[in-house]
1. Work out the length of the dipole vector of the protein assembly as shown about its Cα centre, built from +1 on the beta-carbon of each Lys and Arg and -1 on the beta-carbon of each Asp and Glu, and round it to the nearest 20 debye.
2. Straight-line reach only, C-alpha to C-alpha below 15 angstrom: list the aspartates and glutamates that A:K8 could link to, leaving out same-chain residues fewer than 8 apart.
3. Amide H neighbours of A:A85 under 5 Å, counting only residues 5+ apart in sequence or on other chains, H built in-plane at 1.01 Å?
4. HN-Hα J couplings of the range B:143-154 from phi, Karplus 6.51/-1.76/1.60, θ = phi - 60°, integer Hz, Gly and Pro as x?
5. Expressed in nm to one decimal, what extension gain is obtained for the pair B:E100 and B:Q242 from 0.36 nm per residue of sequence separation less their Cα-Cα distance?
6. Would you please report the Å³ per residue occupied by the convex hull of the alpha carbon atoms in the protein assembly as shown?
7. So if I place +1 on the C-beta of Lys and Arg and -1 on the C-beta of Asp and Glu, and nothing else carries charge, what would the dipole magnitude of the range B:101-244 be about its Cα centre? I want it in debye, nearest 20.
8. So what J values fall out for the range A:172-177 if you push phi through Karplus, 6.51 cos²θ - 1.76 cosθ + 1.60 with θ = phi - 60°, rounded to Hz, Gly and Pro as x?
Number of protein chains: 2
Amino acid sequence: MISKNQLKLLRALGQKKQRKAHGLFLVEGEKNVLELVDSPLTVQQVFATSEFLAEHANILRQYECVEASLDELTKASSLVSNNAAVAIVEIPKVEAPKAEGLMIALDGVSDPGNLGTIIRIADWYDIQHIVASSDCADPYNPKTIRATMGSFGRVQVSLLDLPSYLEQASIPVYGAFLEGESVHKTEFSAQGILLMGSESHGVRPAAERFVTDKITIPAFGGAESLNVAMATGIILDNLRRQHG
Amino acid sequence: MISKNQLKLLRALGQKKQRKAHGLFLVEGEKNVLELVDSPLTVQQVFATSEFLAEHANILRQYECVEASLDELTKASSLVSNNAAVAIVEIPKVEAPKAEGLMIALDGVSDPGNLGTIIRIADWYDIQHIVASSDCADPYNPKTIRATMGSFGRVQVSLLDLPSYLEQASIPVYGAFLEGESVHKTEFSAQGILLMGSESHGVRPAAERFVTDKITIPAFGGAESLNVAMATGIILDNLRRQHG
């Protein structure tokens with residue numbers, strides 16, 4: 001059973017301020033909770049149904065587990081339905097990554113669903129580091145974690161002063177714009193930062209200053225724009241085609 | 001002001017059964033309503049704020065317009081916020097397209113958000129026809145229309161008996177599977193049908209029988225799967241790179 005205090009904590013961790021104060025975040029859903037086992041993250045507690053705990057007893061025994069009904073879990077969770085497991089996990093202390101290899105930079109991408117989808121597609125293309133302007137969505141927002149579909153444990157997101165970071169990087173910065181060189185023709189370097197802006201504002205001038213190559217996804221039909229996560233996926237595919 | 005009967009109709013059109021009975025659907029949001037002007041669709045009525053009507057008076061005068069407050073519009077709409085315009089539009093009578101050129105086929109893609117995103121990315125890559133199994137999401141669901149970001153007027157979706165359609169097609173059927181030829185290496189034909197399955201079930205056996213080429217998006221990292229809309233976008237980009 002989930003105690004009153006535990007329920008209070010679970011609910012509190014839906015809010016950014018509380019996540020920061022506690023240094024903790026929530027991982028919701030069966031698939032996401034199981035992904036924790038192979039991740040370097042520190043799990044404080046797992047709340048799950050007796051069925052889930054029994055089925056995965058061998059891998060969950062390393063954690064402090066609390067048995068709860070599906071009803072209790074649904075009440076405690078920000079997910080709408082079908083939530084057989086929730087974990088409370090420590091927010092890892094991460095240092096900003098060195099600018100090397102292939103990376104993603106996000107400027108003002110404020111929607112947690114988009115950020116989560118970008119983490120998932122980054123993981124598909126084996127990109128391990130995302131640097132993001134401090135006004136991007138919180139990587140520990142439950143909606144972000146959910147949209148990563150388990151990839152949150154393999155991709156590190158660092159919120160930081162993005163223009164300063166780009167200024168100090170000595171690898172190419174490929175900025176995605178509506179006008180630029182077609183990604184079908186770009187010769188990508190083996191190391192580089194793919195810089196994506198938000199759908200509404202694009203890459204903002206403070207970050208744009210440090211773009212070395214403006215690139216674009218060629219349009220053939222009538223749509224005016226692409227969702228930022230979709231655009232990130234398409235560009236990463238073009239990058240990995242050259243540097244797999 | 002929106003009358004009681006009008007409000008009743010607007011609300012009813014949120015449901016598939018009612019859309020079918022009336023032969024009408026809703027187009028919500030300013031950008032989507034403005035897209036109607038250039039589309040072949042027949043608009044019955046536009047409900048909008050006085051500001052929206054005044055700003056676009058010259059293009060909206062061809063329609064029957066009803067002035068309403070933002071409050072009224074929000075109550076009438078399935079959108080959460082910021083809805084200055086809603087239109088009631090006739091569901092067009094469309095015939096199943098001939099299997100020619102580049103097309104998309106969807107097997108059991110039941111999420112309206114995914115379908116809308118696929119319509120948007122199809123429009124970006126100038127694909128005008130989507131054929132979909134009859135258990136796919138309703139192309140006239142308000143959530144589908146919203147996710148198309150205005151592309152609903154340029155891409156035709158036909159729900160039909162998908163296996164029969166594929167059986168009669170004389171152009172290649174490229175089926176997306178987790179195992180197949182890498183899209184980075186596939187030589188696509190200038191005409192073809194890109195067949196996508198749902199995230200949970202993939203392409204089902206009844207449709208798989210008619211696949212001529214199994215293709216896959218090469219994975220480099222740890223993610224196990226891609227969202228179906230994302231995968232559609234990435235494959236279309238690979239197709240258009242060869243046949244722009």
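Any read-out appearing in this document is the output of simple, stated calculations on the displayed coordinates, not a laboratory observation. This one's a predicted model, so the numbers in the text were calculated from it and none came from an experiment. In this analysis, Cβ positions are derived from the backbone assuming ideal geometry, glycine residues included, and neighbour counts consider all displayed protein chains.
1. On the way: 44 positive and 58 negative charges, 187 e Å.
Magnitude of the dipole: close to 900 debye.
2. A:E72
3. Result for A:A85 returns A:G29, A:E30.
4. Couplings: 5, 5, 4, 4, 5, 6, 6, x, 7, 4, x, 10 Hz.
5. Values: separation 142, 0.36 × 142 = 51.12 nm, distance 1.68 nm.
Taking B:E100 through B:Q242 to full extension adds about 49.4 nm, to one decimal.
6. Working: hull volume 81.2 nm³, N = 488.
Dividing the Cα hull volume of the protein assembly as shown by its residue count gives 166 Å³.
7. Values: 10 positive and 16 negative charges, 75 e Å.
That gives the range B:101-244 a dipole magnitude of about 360 debye.
8. Couplings: x, 10, 8, x, 8, 10 Hz.
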